[in-house]
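First the structure, in the form of structure tokens, and then the observations on it.
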Amino acid sequence: MARDTDRLAEGLRAFLPRGAGITGVKTLSAGHSNETYLVEGLNEILRMPPSEEGLLPPYDMARQHSVLSAVKAHAPSVPLPAMLELSTDASVIGDDFFLMECVPGEAFEYVTPDWVKADPVAVPDSICRQWFDAVIGLHNMPVGEMPPGGRTVQQEAQHWLDVARSAEATPDLIGVLEDLTARPPRISGAPTPVHGDPKHGNCLWHEGRLTALLDWEMAQISEPLLDLGYILMFHDQGEASLADAGFEQPGWWSAERMIAEWEKGTGRTAVDVARYTVLGQAKVAAIIALGAYLFTSGKVADVRFKAFGAVLPAYTKLLVSRAMAAA
């Protein structure tokens, strides 16, 4: 059920010292993940947990606020909005929330915008440079400055295996995750801050400049190759490909270039990177399987989850093929 934006505005007016300037609250995205609203009049962003059953709980707003604050302070190459108030008093607007600066920009993931296509060599190259500078900057952030919490690579594989089993996923998907849990890929060194979902679709762009890296709810302290493998899985997806998603532009970095730039920027070696790519894809497949299960079981009615079931077979087929090649 959608939140009452009038109630949100009323609660924020009473809570914030500058609340009198609020003219309304506009929904930007809502549903089964972190929700985002524009606080009109103040031009600030409001973030809240899902208003319906969450796809991947828990949604710890206080931890997300602390993660974003820490990265903002200690990883200057990662563009982020300024963090504002945090409230864990559900009586204010019905749930925990935090506010942050509204920065200009647009994200793209499924359709490449015209400004990228206008110079298909130089612009995609600049996009990849800025994107990887941000990811590398996060991986080089002093680990002690990151809020605690994280999983080993084996625990990460086990976590997504548990998700896949809870979604009654196919034996093929479960088998890949069982193998990754039993034989986790090697690590590149000591744990670092990790984003968890650093895809290009979580980058915000304004006039060719990266203005924010979004969606930090899966951030943790872990092996940074989890992030690199996750990014690499978007290459050569075949039938599971996202059409016109940027990677087809001639200036977009190849997988080999991405690996080389990451190794240069972090001083690490991308050991077992093919298996980290498989783990990244298995993670996404487990999430897709869970969304499809929630819809078919009647636990959610969001038609977006209905589409998950349609793409899952091609995605799992690609996953198995990659897993065999990386074995």
Given points 7 Å out from each Cα along the Cα-Cβ axis, report the SER297 to ARG257 separation in nanometres with one decimal. 4.3
Under a point-charge model restricted to the Cβ atoms of Lys and Arg (+1) and Asp and Glu (-1), what is the dipole moment magnitude of the chain relative to its Cα centre, in debye to the nearest 20? 440
So how far apart, in nm, are the two label points at GLU145 and ALA2 if each is 7 Å from Cα heading toward Cβ? 4.1
Test of understanding: what is the full-extension gain from ALA122 to LEU56, defined as 0.36 nm times their sequence separation minus their Cα-Cα distance? 20.1 nm
Considering only TYR315, TYR59, TYR110, give the residue with the highest GNM mean-square fluctuation for the chain, with springs between Cα atoms whenever their separation is below 10 Å. TYR110
ARG268 - accessible surface, heavy atoms, 1.4 Å probe, Å² rounded to 10: 50
Please list, in order along segment 215-222, the HN-Hα scalar couplings obtained from phi with the Karplus expression 6.51 cos²θ - 1.76 cosθ + 1.60 (θ = phi - 60°), rounded to whole Hz, x for Gly and Pro. 6, 9, 5, 9, 5, 6, 9, 6
Hey, if we sort ARG7, ARG63 by accessible area with the 1.4 Å probe, largest down, what's the order? ARG7, ARG63
Tilt of helix 5-15 relative to the longest C-alpha principal axis of the chain, in degrees (0 to 90, nearest 10)? 70
In debye to the nearest 20, how big a dipole does segment 70-127 give about its Cα centre with +1 on each Lys and Arg Cβ and -1 on each Asp and Glu Cβ? 200
Work out the charge dipole of the chain with +1 on the Cβ of Lys and Arg and -1 on the Cβ of Asp and Glu about the Cα centre, then indicate which of SER222, GLY196, ALA122 is farthest towards its positive end. SER222
With charges only on Cβ, +1 for K and R and -1 for D and E, what is the dipole size of segment 54-154 about its Cα centre, in debye, rounded to 20? 340
Counting each DSSP H run of 4 or more residues in the chain as -39500 (n - 2.57), what helix-only mean residue ellipticity at 222 nm follows after dividing by all residues, to the nearest 500 deg cm²/dmol? -14000 deg cm²/dmol
Which angle from 0 to 90°, rounded to the nearest 10, does the C-alpha axis of helix 303-326 make with the longest principal axis of the chain? 30
ILE221 accessible area, nearest 10 Å², 1.4 Å probe? 40
According to a simple spin-label model (label point 7 Å from Cα along Cα-to-Cβ), what is the distance in nm between ALA182 and ALA327? 1.1
Rank these by accessible area, largest first, 1.4 Å probe: TRP131, TRP115. TRP115, TRP131
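Say R0 is 25 Å: what FRET efficiency, to the nearest 0.05, do VAL103 and ALA307 get from their beta-carbon distance?
Values: r = 30 Å, r/R0 = 1.20.
Between VAL103 and ALA307 the formula returns 0.25.
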Could you pull the accessible area for THR192 with a 1.4 Å probe, rounded to 10 Å²? 10
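The values are calculated or read from the model by the stated rules, or taken from the named source; none is laboratory data. Worth saying up front: this structure is predicted, and the values here are computed from it rather than measured. When we count neighbours, we look across all protein chains shown, and the Cβ atoms used for this are built from the backbone with ideal geometry, even at glycine. When the accessible area is computed, the model is the full protein with side chains, heavy atoms only, and any ligands, DNA or RNA have been set aside. Shrake-Rupley method; radii C 1.70, N 1.55, O 1.52, S 1.80 Å.
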